[in-house]
Amino acid sequence: MPNIRYSSYPTPPFFLRNGHLQTILPSVFRKIEIAYERERITLSDGDFLDLDWLDRQSKNLVILSHGLEGNSSRQYIKGMAEVFKQQAWDVLAWNCRSCSGEMNRALRLYNHGDINDIEEVVKHVLKTKNYEKIALVGFSMGGSITLKYMGVHGKNLPDCIIAGVAFSSPCDLKDSIRILEEPSNWIYKRKFMHNLKSKILKKAEQFPQKIDTSKFDSIKKWRDFDQYFSAPINGYDCPEDFYYRASAKNFIYGIRRPALLVNAQNDPILTPACSPKEICKNHPFLYLETPKYGGHIGFGVKGKKYAWSEIRALEFVNN
């Protein structure tokens, strides 16, 4: 589909146009309360996932996928859940392995390139529920997972999956990691690295013979972390293998249901390579929207309860 030239995201006041502010402020000050019902499912490899539901006995379901080191309690997930709930949709916010508050059982964690778990979530839903329409909405890493899942399965997706939406997605993971090393992005790198290091240390307690925590002393750049931990723990040959297989842009050619990718131009941790304009320009199903502002999973609108992204996702899946 043609790239969307004019985004409907309104220009924020001049003092809220900074990408870092638009990224950080909503996560700090926005508060939305949601009362989920939790379900734990056992995966084919014996591990588990925790699914958080808003079940209204609807015929329509939205499946929400969170970002790196996120979970169903993130405000961007809760905001999207609330908007869809108000429109009488059921909501399923699933938590990646190790992200629900309890460490997972298997050696591997979760990663940008893994689509097996979302596939098992969808299969579980189809086996236990009876939905007429299912929409997929993902944020950052979750957006990349959503797009890769749709691209890999293409026309073989379950018929009831009508659309997918991805916000602030690092479709080119290698380029995203490169920009994460920029001095201006130290706060994001430090937070992600701190959280992931804590998980690796816990995982090493489960599998002491398979994880060498002394490698932390050798980490200078994010690629080092991926070389010593992300790639081998998650079954990739090397960081380059991980980056290729985890970059959604290498798989989106296969998408055969309407899909929307929204990446803000002032997103501090994405690069233009994450918004593949040439691919989308001639793609029969994939729309690309690149508003000038919005930050990373920001898209707030001053004076409004809901973020623009929440209204935009609902609008897209309803068309």
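The values are calculated or read from the model by the stated rules, or taken from the named source; none is laboratory data. The structure displayed is predicted, hence computed values, not measured ones. Glycine gets a Cβ as well: all are built from the backbone with ideal geometry, and neighbour counts include every protein chain shown.
Looking at the range 199-210 only, could you name the residues that are in contact with an Asp or Glu (Cβ under 9 Å, 6 or more places away or on another chain) and either farther than 26 Å from Arg105 by Cα or touching a residue at least 40 places away in the same chain (Cβ under 8 Å) (or both)?
First, pick out the residues of the range 199-210 that are in contact with an Asp or Glu (Cβ under 9 Å, 6 or more places away or on another chain): 199, 204.
If the condition is that a residue be in contact with an Asp or Glu (Cβ under 9 Å, 6 or more places away or on another chain) and either farther than 26 Å from Arg105 by Cα or touching a residue at least 40 places away in the same chain (Cβ under 8 Å) (or both), then Lys199 is the only one that fits.
Restricting the range 155-177 to residues that are in a helix (DSSP H, G or I) and under 19 Å from the mean Cα position of the chain (by Cα), which is farthest from Cys280 (Cα to Cα)? First the steps, then the outcome.
Step one: list which residues in the range 155-177 are in a helix (DSSP H, G or I), which gives 155-156, 173-177.
Right, trim to under 19 Å from the mean Cα position of the chain (by Cα) and you get 173-177.
Numbers: Leu173: 18, Lys174: 20, Asp175: 18, Ser176: 19, Ile177: 22 Å.
Filtering the range 155-177 for residues that are in a helix (DSSP H, G or I) and under 19 Å from the mean Cα position of the chain (by Cα), the one farthest from Cys280 (Cα to Cα) comes out as Ile177.
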Study note, to complete from the structure: For the range 54-76, pairs from a residue that is under 18 Å from Glu37 (Cβ atoms) to a residue that is among the hydroxyl-bearing types (Ser, Thr, Tyr) and assigned to a loop (DSSP other than H, G, I, E, B), with Cβ under 6 Å and 6 or more apart or across chains, are Leu61/Tyr131
**Study point:** Cβ pairs under 6 Å, 6+ apart, first in the range 228-244 and without any contact (Cβ under 8 Å) to a residue 60 or more places away in the chain, second in a helix (DSSP H, G or I) and charged (D, E, K, R)
**Key:** Tyr228/Lys215; Pro239/Arg223; Pro239/Asp226
Practice item. Working only within the range 84-95, note down all residues that are buried (at least 22 other Cβ atoms within 10 Å of the Cβ) and either among the hydroxyl-bearing types (Ser, Thr, Tyr) or touching a residue at least 60 places away in the same chain (Cβ under 8 Å) (or both). Key: Phe84
**Study point:** Single residue of the range 68-83 satisfying the filter (assigned to a helix (DSSP H, G or I) and of a type in the set (A, V, I, L, M)) that is surrounded by the fewest Cβ atoms within 10 Å (Cβ to Cβ)
**Key:** Val83
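Restricted to the range 31-40, and to residues that are part of a loop (DSSP other than H, G, I, E, B) and either out of contact with any helix residue (DSSP H, G or I) (no Cβ under 9 Å at 6 or more places or on another chain) or modelled with pLDDT of 95 or more (or both), which residue is surrounded by the fewest Cβ atoms within 10 Å (Cβ to Cβ)?
Going residue by residue through the range 31-40, those that are part of a loop (DSSP other than H, G, I, E, B) are 31-36.
If we keep only those that are either out of contact with any helix residue (DSSP H, G or I) (no Cβ under 9 Å at 6 or more places or on another chain) or modelled with pLDDT of 95 or more (or both) too, we end up with 35-36.
Numbers: Ala35: 6, Tyr36: 18.
In this case the residue turns out to be Ala35.
Output the residues belonging to the range 262-287 that are hydrophobic (A, V, I, L, M, F, W, C) and under 20 Å from Met80 (Cα atoms). Working first, answer last.
Filtering the range 262-287 down to residues hydrophobic (A, V, I, L, M, F, W, C) leaves 262, 264, 269-270, 273-274, 279-280, 285-286.
Result: Val262, Ala264.
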Exercise for review: Check whether at least one residue in the range 242-258 is among the β-branched types (Val, Ile, Thr) and closer than 23 Å to Pro272 by Cα, and report yes or no.
Suggested key: yes
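In the range 178-193, which residues are more than 19 Å from Gln227 (Cβ to Cβ) and part of a helix (DSSP H, G or I)?
Pro183, Ser184, Asn185, Trp186, Ile187, Tyr188, Arg190, Lys191
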Check your understanding: Taking the range 8-30 as the search range and keeping residues that are assigned to a loop (DSSP other than H, G, I, E, B) and under 21 Å from the mean Cα position of the chain (by Cα), which one is farthest from Pro276 (Cα to Cα)?
Key -> Arg30
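Identify, please: which residue in the range 247-287 is among the basic types (Lys, Arg) and in contact with a Phe, Trp or Tyr (Cβ under 9 Å, 6 or more places away or on another chain) and is, among those, surrounded by the fewest Cβ atoms within 10 Å (Cβ to Cβ)? Even if it seems obvious, please write down each step before you answer.
First, the residues of the range 247-287 that are among the basic types (Lys, Arg): 249, 256-257, 277, 281.
Those still in the list that are in contact with a Phe, Trp or Tyr (Cβ under 9 Å, 6 or more places away or on another chain) too: 256-257.
Details: Arg256: 15, Arg257: 18.
Here the answer is Arg256.
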Exercise for review: Quick one: count up the residues across the range 101-124 that are touching a residue at least 40 places away in the same chain (Cβ under 8 Å), under 22 Å from Asn156 (Cβ atoms) and acidic (Asp, Glu).
Suggested key: 3
